[in-house]
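Every number in this text was worked out from the coordinates using simple rules, so none of it is lab data. For clarity, every value in this text was computed on a predicted model and none was experimentally measured. Cβ placement follows ideal geometry from the backbone for every residue including glycine, while neighbour counts extend to all protein chains displayed.
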Amino acid sequence: MKLNCDIHTHTIASGHAYGTMREMAEEAAGRNLSLIGFSEHGPGTPGTCDPFHFAAIDKVPRTLHGVHVIHGCEINVMNDGVLHLEKRWLKKLDYAIIGIHTVCFQDEGAEKNTEHLIACMKHPKVFFISHPDDSKTPLDYEMLVKAAKDLHVALEVNNSSFLKKSRLNRDDNYRTMLALCAQHQVPIIVSSDAHDPSWVGVFDDAIAFLEQEHFPEELILTKDEHRVYEFIGLDESIFR
Ligand SMILES: [Zn+2]
Ligand SMILES: [Zn+2]
């Protein structure tokens, strides 16, 4: 399986990532990707950019090293269920990813954790949920997938999760999530979650897992950049 988009990546702006946009795009070009998305960590992650980072994001060329560029933010879901990025910055973004990070989230059990996620999914700029795979902050996948369907949100299979030993019950959680996504026709994205240029477009473990589970390729948005644009309602004329 060949995927040619990577829309969950971090640059030096995230504080604990090590490539510039141009270095990341150059690596994406080398791996024959057609689209890269930069999704810096939002407020709550130690050392990440001030939201003012997004103020002039529209001044970055829409094509770098021949690769199309879109801008997002990986916004933290916190225990109050509030989307932690102000409207004035949200409207600058092409898309938002939301995700739970234990550095700024206390586990409240599967039902409450899922309710907090769903509350944040309601904003129209939120299109994706990052790495919903760690039982340290368990989720109710039935609730989550049905809400994703209703709210036009896609779930992520995160390649970096397969490289970390710390993700509790990752395989079982992805298996459950993917079966429900296939059943309810909820799309997914596959991402590197690159924090260094060398990780851009690296999806090997995620792809192997999806193939093993016989997940339908037509539900993988990042297989084709046009699927991504359609899903987030992006007018492709911005690249001309
Ligand atoms: Zn994350
Ligand atoms: Zn990330």
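Worth pointing out:
- As a proxy for reagent exposure, ranking T9, T20, T114 by other Cβ atoms within 10 Å from fewest up yields T20, T114, T9.
- Here the peptides 38-45, 177-184 are ranked by packing, the mean other Cβ count within 10 Å, and the order with the highest first is 38-45, 177-184.
- Extension gain from E211 to K136, taking 0.36 nm per residue of separation minus the Cα-Cα distance: 24.4 nm
- Helices in the chain, meaning DSSP H runs of at least 4 residues, each add -39500 (n - 2.57). Divided by all residues, the mean residue ellipticity at 222 nm is -9000 deg cm²/dmol.
- Kirkwood Rh, Cα atoms: Rg over Rh of the range 85-164: 0.96
- Span from the the range 76-131 Cα centroid across to the the range 1-69 one, whole angstrom: 20
- Average silhouette area of the chain, convex hull of alpha-carbon atoms, in square nanometres: 11.2
- Once the C-beta distance of V60 and A179 is scaled by a Förster radius of 35 Å, the resulting FRET efficiency is 0.35 to the nearest 0.05.
- Inter-label distance for R88 and K146, nm, one decimal - labels placed 7 Å from Cα along Cα-to-Cβ: 4.0
- Take the Cβ atoms of S166 and D50, set R0 to 25 Å, and the FRET efficiency comes out at 0.30.
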